[in-house]
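Input: a single structure, listed below in structure tokens.
The values are calculated or read from the model by the stated rules, or taken from the named source; none is laboratory data. This one's a predicted model, so the numbers in the text were calculated from it and none came from an experiment. Virtual Cβ from ideal backbone geometry, glycine too; neighbours counted across all protein chains shown. Quick note on the areas: whole protein, heavy atoms, side chains included, nothing else; ligands and nucleic acids left out. Shrake-Rupley method; radii C 1.70, N 1.55, O 1.52, S 1.80 Å.
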Amino acid sequence: MAILTFNEATCKGCKLCIDACPKDILDLELSRVNAKGYNPVKCNASAACTACGICARVCPDSVIKVERGV
């Protein structure tokens, strides 16, 4: 199990993490926008995350933090 943390205030909704996720569990939060006017990323199924870290590595703004849970 993994713990994903998103710095939603700095997310620009570029979708690079969404496209890179091998489990296809990331999406944009279309129901709201952050202070910069972008839809931030969200995780739809954190239990399915393997903590591979690909999403965090491709993020140009270091929005995502991936931790291995217990």
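Screening Cys55 on (1) in contact with an Asp or Glu (Cβ under 9 Å, 6 or more places away or on another chain); (2) surrounded by 18 or more Cβ atoms within 10 Å (Cβ to Cβ); (3) outside any loop (DSSP other than H, G, I, E, B) shows it passes everything except condition (1).
Rundown of residues vs (1) hydrophobic (A, V, I, L, M, F, W, C); (2) modelled with pLDDT of 95 or more, yes/no style:
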{"site": "Cys21", "(1), (2)": "yes, yes"}
{"site": "Val33", "(1), (2)": "yes, yes"}
{"site": "Ser46", "(1), (2)": "no, no"}
{"site": "Pro60", "(1), (2)": "no, yes"}
{"site": "Ile64", "(1), (2)": "yes, yes"}
{"site": "Arg68", "(1), (2)": "no, no"}
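Total residues in segment 42-52 satisfying the condition of being more than 10 Å from the chain's Cα centre (by Cα) and outside any helix (DSSP H, G or I): the figure is 5.
Scanning segment 12-41 for residues that are in a loop (DSSP other than H, G, I, E, B), open to solvent by less than 30 Å² (accessible area, probe 1.4 Å) and touching a helix residue (DSSP H, G or I) at 6+ places or on another chain (Cβ under 9 Å) returns Cys21, Ile25, Asn34, Pro40. Just one of (1) at negative phi; (2) part of a loop (DSSP other than H, G, I, E, B) fails for Ile3. It is (2). Taken as a whole, the condition of being part of a helix (DSSP H, G or I), open to solvent by less than 90 Å² (accessible area, probe 1.4 Å) and in contact with a strand residue (DSSP E or B) (Cβ under 7 Å, 6 or more places away or on another chain) does not apply to Ala9. Just to be sure, is Val63 under 10 Å from the mean Cα position of the chain (by Cα) and β-branched (Val, Ile, Thr)? Yes.
For segment 58-70, which positions are open to solvent by less than 30 Å² (accessible area, probe 1.4 Å) and not hydrophobic (A, V, I, L, M, F, W, C)? Hit for segment 58-70 is Gly69, nothing else. If the condition is being closer than 14 Å to Cys17 by Cα and part of a loop (DSSP other than H, G, I, E, B), then segment 58-70 contributes Cys59, Pro60, Asp61, Ser62, Val63. For segment 1-51, the tally of residues that are of a type in the set (D, E, K, R) and closer than 14 Å to Asp61 by Cβ stands at 4.
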